[in-house]
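A short write-up of the structure that comes next.
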Amino acid sequence: MATINVYTETTPNPATMKFLVNKLLINGSVDFPDQEKAQASPFARELFKFNFVNGVFFASNFVTITKTDDADWSDIEALLKDFVKGAVESELKVQEVVADENVSFEGTETEVKIQQVLHDYVRPAVEQDGGAIAYKSFENGTVTVELRGSCSGCPSSTITLKAGIEGLLKRMVPDVEEVVAEAM
């Protein structure tokens, strides 16, 4: 068995930290914003046993963990790093049942173009910060997206949404006038 290495990266959201491993954890992404939703994931269920874990998000080779306000990263980072290493080494599953992650876009020509831009250009950048973005709808010039992982509740997500994502979509899809985030 190959040695599992875990390293951490801060994210723009001070309440979250990204724990990266040298192994694919999941194709796509999955968000467990609370303990109840984590029941479908043995890995997330175990993380929520720590009283300072407030949210868990998995994508490709990392897990983003959201801490409670009263916890300090300097006190919990090493503990979580060791836990993630052990969980990956013991092949603790991210999901009991793995959903098929084939990418397909539906809707009008404009909606398909929006989804393609979000998937090809926005998703990789957002994943770098430990988050994810999901297309919800396009109506009357307004694109609605859902921000998950470290993006959910992040102080800089509004700037990213307006300056980054909205600007990109307006340039690449002329019908887009505005981008808004749906509250989780």
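Tabulated data
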| item | result |
| --- | --- |
| Crossing angle, helix 73-89 versus the chain [Cα axis fit, 0-90 degrees, rounded to tens] | 90 |
| Cα gyration tensor shape of the range 6-90, rounded if a/c is under 1.5, else prolate or oblate by comparing a/b with b/c | rounded |
| GNM result for the chain, Cα springs below 10 Å: residue of ALA132, ALA59, ALA71 fluctuating most strongly | ALA71 |
| Mean Cα-pair separation over length for the chain, i.e. relative contact order, pairs under 8 Å, 6 or more apart, % | 22 |
| Cβ-placed point charges (K, R +1; D, E -1), dipole of the range 6-90 about Cα centre in debye, nearest 20 | 340 |
| Contact order normalised by residue count of the range 1-94, Cα under 8 Å, 6+ apart, percent | 32 |
| Carbon + sulfur, % of accessible area of the chain - ligands and nucleic acids excluded, 1.4 Å | 48 |
| Charge dipole magnitude, Cβ of K and R +1, D and E -1 - the chain, Cα centre, debye nearest 20 | 380 |
| Relative packing of peptides 169-178, 122-131 - highest average C-beta neighbours within 10 Å first | 122-131, 169-178 |
| Positive-end extreme of charge dipole, the chain - chosen from SER104, LEU24, ILE133 (charges on Cβ) | LEU24 |
| Å² per residue, accessible surface of the range 46-150 at 1.4 Å | 52 |
| In range of the label at LYS37: residues from the range 129-164 whose backbone nitrogen is under 16 Å from the point 7 Å along Cα→Cβ | 130-136, 145-154 |
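The values are calculated or read from the model by the stated rules, or taken from the named source; none is laboratory data. Please read these numbers as outputs of a predicted model, since none were measured by experiment. Cβ coordinates were reconstructed from backbone atoms using ideal geometry, including for glycine residues, and neighbour counts include every protein chain displayed. When the accessible area is computed, the model is the full protein with side chains, heavy atoms only, and any ligands, DNA or RNA have been set aside. Shrake-Rupley method; radii C 1.70, N 1.55, O 1.52, S 1.80 Å.
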